[in-house]
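Quick note: the coordinates plus some simple rules give every number you see, no bench work behind them. Source: prediction; values computed, not measured. Please note: Cβ atoms are built from the backbone with ideal geometry, for glycine as well, and neighbour counts cover all protein chains shown.
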Amino acid sequence: MLKSDKWIRKMCLEHGMIEPFVDRQDGGGKVSFGLSSYGYDIRVADEYKIFTNTFVATVDPKAFDARSFVDFKGDVCVVPPNSFALARSVERFNIPRKALAICLGKSTYARCGIIVNVTPLEPTWAGYLTIEISNTTPLPAKVYSNEGIAQLLFLEGDEVCEVSYSDRKGKYQDQVGVVGPRMLAHPGKK
């Protein structure tokens, strides 16, 4: 069942589900962020990894070449035309065992051709969310740091899951910073 602002507020204040937690929609000349009726609008931090083809690397999720990115830190990130950037949330998350959050892009950016990938935050996952941002336009696109970038919708299961993200030692557990693709080690190999 989709959870309301009352449930989200309670989980944040009593269990630290989102830190820092903003108890209302905050905008005022900014892309809005904070608690909404049935979700929470997260902010993008000022750390980015912007795709580049300087080294003519191939994008391979099993053998990712870090040279595919240029690191950038600043108040405004310009994502090149028809390109992509990774960023991280300002907020740190601690998802309850009986809950799942789904990250969706905000319509303000979507109306400009900037798409945030749909991403699940699984039960017991904790950390800063790596945010995938695509510029689908033929023009450079601005993303504003410390402002809203995406909305989380929270669902609560009828029962507690048998195996959670932390139970299976998920590869993105407790991530800090902007984290690129990772592969789990093959069993028996080091």
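Observations on the model:
The rows are residues; the columns are (1) of a type outside the set (Ser, Thr, Tyr); (2) surrounded by fewer than 20 Cβ atoms within 10 Å (Cβ to Cβ); (3) in contact with a strand residue (DSSP E or B) (Cβ under 8 Å, 6 or more places away or on another chain).
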| position | (1), (2), (3) |
| --- | --- |
| Trp7 | yes, yes, yes |
| Met11 | yes, no, yes |
| His15 | yes, yes, yes |
| Tyr48 | no, no, yes |
| Asn94 | yes, yes, yes |
| Ala101 | yes, no, yes |
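- Failed criterion for Ala85 (all others in (1) hydrophobic (A, V, I, L, M, F, W, C); (2) touching a residue at least 60 places away in the same chain (Cβ under 8 Å); (3) touching a Lys or Arg at 6+ places or on another chain (Cβ under 7 Å) hold): (2)
- Filtered residue count, the range 3-42, keeping only those that are assigned to a helix (DSSP H, G or I) and touching a Leu at 6+ places or on another chain (Cβ under 7 Å): 3
- Failed condition for Glu47, given (1) under 18 Å from Gly177 (Cβ atoms); (2) out of contact with any Asp or Glu (no Cβ under 9 Å at 6 or more places or on another chain); (3) in a strand (DSSP E or B): (2)
- Filter pass, Val44 being among the hydrophobic types (A, V, I, L, M, F, W, C) and touching a residue at least 40 places away in the same chain (Cβ under 8 Å): yes
- Residue selected from the range 10-41 under the condition without any contact (Cβ under 8 Å) to a residue 24 or more places away in the chain and among the acidic types (Asp, Glu), by the criterion nearest to Ala87 (Cα to Cα): Asp26
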